[in-house]
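Have a look at the structure below before the remarks.
The values are calculated or read from the model by the stated rules, or taken from the named source; none is laboratory data. If you're wondering where the values come from, they're calculated on a predicted model, not measured in any experiment. Counting neighbours? That spans all protein chains shown, and the Cβs are built from the backbone with ideal geometry, glycine included.
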Amino acid sequence: MGSMSVPLVAFLHGLGRTPQFWQDQVSALPPGTRAVAPWLDGLRPGGSDGFELTRAADAVLGQLNRFGVDQVALVGSGLGASVAVAAAGRSPAAVSHLVLTDLLPRTAKLAGGLQRLAVRAMPTAQLAEAGLDRGKMLAMMKASASVDLRALLPQVTAQTLLLGGSGNPAGVTAARELAAGIAGARVEVIGRAGGSVPTEAPQEFNQLLYDFLA
C-alpha cells in the first residue's frame, strides 16, 4: 500500500466501544498518513452530556480545524458510521470518503431485539472501559435506534464504501439499504466476520479500506 492523498482519516467507534477499537487499523496506516480516533461526542466516560447525532457530527467536522485541513475521510463502525453519514450529509464538501461498517439495522423492532441481545452478551469489563453500565447502554441504544439518516443521504457526495460481515445478515441488509441512497456507493461483504468486521477480519478490512482511500 503506497501513501495516500487523503489529508486526514478519522476513525469513529461505535456504542459500547472505545477509540482503541481501531488499533488494528491505526497500526497498519500507510506511511505519512495523518489519522485521529476521537471519542464520539457524548460517549466519553464521565462526560455529562448525552449523545446527540448532529452535535456528534459537528464535533467530528471540528477535527478539520484542529488539523488545518479542508477535507477528511471518515471511517465509522456502528453508531460511528451513523455519525460519519450525518457529517457527510451536513457538510458534503468537507468529507472526501466514507467507509462504513457494522451498520445498525434500521427497523426499530429488529434493532431493539438485536441490541438488547448485544448488551447482554457484552462483557462487563468492556462496558466499564467505555464508561457504561448495562442500563446506560440500553438507554443510549434506544436513542441511537431512532436515528434516521435517510433525509441526509441525497446530500452525501463522498466516495462511499460499505462493508458488512457475512455472519451479520442484518448489518449487510442495512449496508445495502444505505448504499441505495448514496450516489455511487459500493457494498463489499467480508466472510469470516460477524458484527465487528474491523476486529474480526482486520486484514481483509484494512486491504479494502486502504485500497479505497488510495
I want to confirm something. Restricting to the stretch 56-69 and keeping residues that are without any contact (Cβ under 8 Å) to a residue 40 or more places away in the chain and surrounded by fewer than 16 Cβ atoms within 10 Å (Cβ to Cβ), which single residue is farthest from the chain's Cα centre (by Cα)? Gly68
Could you check, for the stretch 19-33, whether at least one of its residues is within 30 Å of Arg134 (Cα to Cα), in contact with a Phe, Trp or Tyr (Cβ under 9 Å, 6 or more places away or on another chain), among the aromatic types (Phe, Trp, Tyr) and in contact (Cβ under 8 Å) with a residue 12 or more places away in the chain? yes
Could you count how many residues in the stretch 1-18 are out of contact with any strand residue (DSSP E or B) (no Cβ under 7 Å at 6 or more places or on another chain) and either without any contact (Cβ under 8 Å) to a residue 24 or more places away in the chain or small (Gly, Ala, Ser) (or both)? 4
For Gly131, are the conditions met, namely being in contact (Cβ under 8 Å) with a residue 24 or more places away in the chain, surrounded by 14 or more Cβ atoms within 10 Å (Cβ to Cβ), closer than 18 Å to Leu79 by Cα and touching a strand residue (DSSP E or B) at 6+ places or on another chain (Cβ under 6 Å)? no
Take the residues of the stretch 9-61 that are part of a loop (DSSP other than H, G, I, E, B) and of a type in the set (A, V, I, L, M, F, W, C): which is modelled with the lowest pLDDT? Phe51
Somewhere in the stretch 146-164, is a residue at pLDDT below 90 and either within 20 Å of Arg44 (Cα to Cα) or acidic (Asp, Glu) (or both)? yes
